[in-house]
1. Among the listed residues 81, 117, which satisfies the condition of being under 22 Å from the mean Cα position of the chain (by Cα) and among the polar types (S, T, N, Q)?
2. Please verify whether residue 174 is modelled with pLDDT of 80 or more, within 36 Å of the chain's Cα centre (by Cα) and either surrounded by 14 or more Cβ atoms within 10 Å (Cβ to Cβ) or aromatic (Phe, Trp, Tyr) (or both), treating the condition exactly as stated.
3. Is there a residue being surrounded by 11 or more Cβ atoms within 10 Å (Cβ to Cβ), at pLDDT below 85 and in a helix (DSSP H, G or I) anywhere in the stretch 150-158?
Amino acid sequence: MNSPATTPLLHYSIIPLLLAEEFHDITPPVDYSLLSPWLIFLGVFVLLTTIGLIVWFVAKSFRRPTPPQLPRERALALLEQIRGQITAIDPYRFSIRVSDILRRYVTEQFGLPVTRQTSVEFLNGLRGSSPFSDDEKSLLEDFLNRCDLIKFARYEATLSDSELLLEEAIRFVKGGQPCLIGSQEIAR
């Protein structure tokens, strides 16, 4: 028979075998989702895109459209911009730029073909009927003659000539109002 000393050993060797039969291997996780992961990602993408578009449309509707700049405002802005470059540009090129700005202004504002005509042709065309007052005509004539003198006769213009051209152009665009250079007023 079994001795009392062998019984506990037998008992301890059988217990792990019985316990091992009760435990099973670990099973993989069970997917309880009714939707596949790619469908979830697609839904999130569509949702975020929709929110972004709504925010963009709302922001766009609150933004006021900027009104188009009038020819007078555009010409004055360009003339003020070129004022800062008056010392950097030689008087010949400066006269060309100021003349181009003024000619473009007259073409856009009054619909006159000043960009396709010489100064003499344009001024002769103004003698009959024109939208300009006599003061504006004489100011424009003086400006165009000075520009032609610098551009075509190669008159050796100085910085003061460039300043005078710029001020005449600004004065013409403003409608014949006197302009200020420093503290001096230039009037015709």
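1. Exactly one of 81, 117 is under 22 Å from the mean Cα position of the chain (by Cα) and among the polar types (S, T, N, Q), namely 81.
2. Yes: the conditions hold for residue 174.
3. Among the residues of the stretch 150-158, at least one is surrounded by 11 or more Cβ atoms within 10 Å (Cβ to Cβ), at pLDDT below 85 and in a helix (DSSP H, G or I), which makes the answer yes.
The values are calculated or read from the model by the stated rules, or taken from the named source; none is laboratory data. This one's a predicted model, so the numbers in the text were calculated from it and none came from an experiment. Neighbour counts are summed over all protein chains in view; Cβ atoms, including those assigned to glycine, are modelled from backbone coordinates with ideal geometry.
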